[in-house]
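Take a look at the structure below.
The values are calculated or read from the model by the stated rules, or taken from the named source; none is laboratory data. Everything quoted here is computed from the prediction, not taken from an experiment. Virtual Cβ from ideal backbone geometry, glycine too; neighbours counted across all protein chains shown.
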Amino acid sequence: MRRMTSSLPPQTSSLVPRRSAPAQRQAAVVALLLSIAAHLLLLTPGHEKSATQGQAAPSLRQGLQTRTLHSTPGPQAGAQPSPDAPVSRPSKPGLAKAKPVDQETPSEPSPSSLEPTRIAQTSATSSQLTPPPTQVATAVEWRFLLLQDGRQGLARLSWLPQRDTSYQLRLDRQLDGRPLPGWRSEGKVGPQGLLPERFAQQRRGRDAQATNFRRPEGLISFSSNADVFELPEGVQDRLSWWFQLAALLDAAPERYPAGGTLHMTVIGLRGEARDWAFEVIGPELLDLPDRAALPTLHLHRPQIFTYSGEIDVWLDPSRRHLPVRLIYRLPDERSWELLLLDDGLPP
């Protein structure tokens, strides 16, 4: 038989054709050059800085967002502060601005819902103008008839200036044989008149409420609360204004003609300093008990706020313009009046 021959090509050991030796050497050289170029590129300064910035930027943005959106937590209890941390100092306490308004009679509390009124700086209270002259009266003690709610009583007013320029001023009252709260004012007498240092409302001989005028510090403090107020220039207490008003008019009555206004700053028992504007009504003949009509000068302080009431005072020019009649007109039955009974007792 004839042998059959296959037409298929002989099998090979690999499907990839083999390269020649020169081609292999050429490929190795190219790979080496590419590796060297890559290493040189990584070692250049520009490429290293760009890579560093690209990695740091996300964490920096994240840190800024945290500081902006979240407050720094405070130290925990018992934790020691860092020596580099800023020290937190308490702010200097400011002076209190105002207190609830008290009524014209210090024996009664005032409604706590009233709004305080700021001091009105006027020609008499402004520190930028020359203070008006004053002329303080000598020692005196007077008795008054006290009228209140249809009842009668007695009041004694004692003015005791001392040689060392200090003074003591007292008002004692009784109604139907029952003592009412007494008023005490102590201080100095200076070129501007009375300079109160302490005012006290007394019950049974003891200070129930007191106002302290701390002039070296320029402050006013009170026994009824812990607040501290600035000391207004020329301020008077609830009793000293009687004699300060007389001192102003006795020194220069021509400064206060009929139709004019006299201003004075008066402080209450709870810290409210107010501008009292006295309207000069003019000369009037006043009928006093058991004596002829007396020529006086009538002044009127209008109502300041709802419960302040009104005040009328009649000053006697022949008695150094001291008050010989005084009326507190309050919006209830607590209104009261004083009428001079005698020409003065030994102080």
Practice task
With respect to residue 209, determine if the residue is closer than 26 Å to residue 219 by Cβ, out of contact with any helix residue (DSSP H, G or I) (no Cβ under 9 Å at 6 or more places or on another chain) and surrounded by fewer than 20 Cβ atoms within 10 Å (Cβ to Cβ).
Solution key: yes
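Results for (1) out of contact with any Pro (no Cβ under 6 Å at 6 or more places or on another chain); (2) surrounded by 15 or more Cβ atoms within 10 Å (Cβ to Cβ); (3) at pLDDT below 90, shown as yes or no for each residue.
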{"site": "116", "(1), (2), (3)": "yes, yes, yes"}
{"site": "123", "(1), (2), (3)": "yes, no, yes"}
{"site": "127", "(1), (2), (3)": "yes, no, yes"}
{"site": "153", "(1), (2), (3)": "yes, yes, no"}
{"site": "156", "(1), (2), (3)": "yes, yes, no"}
{"site": "163", "(1), (2), (3)": "yes, no, no"}
{"site": "166", "(1), (2), (3)": "yes, no, no"}
{"site": "170", "(1), (2), (3)": "yes, yes, no"}
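Collect the residues in the stretch 290-304 that are in a strand (DSSP E or B) and crowded, with 17+ Cβ neighbours inside 10 Å, keeping them in residue-number order. Even if it seems obvious, please write down each step before you answer.
To start, the set of residues in the stretch 290-304 that are in a strand (DSSP E or B) comprises 294-301.
Correct list: 294, 296, 297, 298, 299, 301.
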Problem - Condition check for residue 311: assigned to a strand (DSSP E or B) and either basic (Lys, Arg) or buried (at least 19 other Cβ atoms within 10 Å of the Cβ) (or both) - result: yes
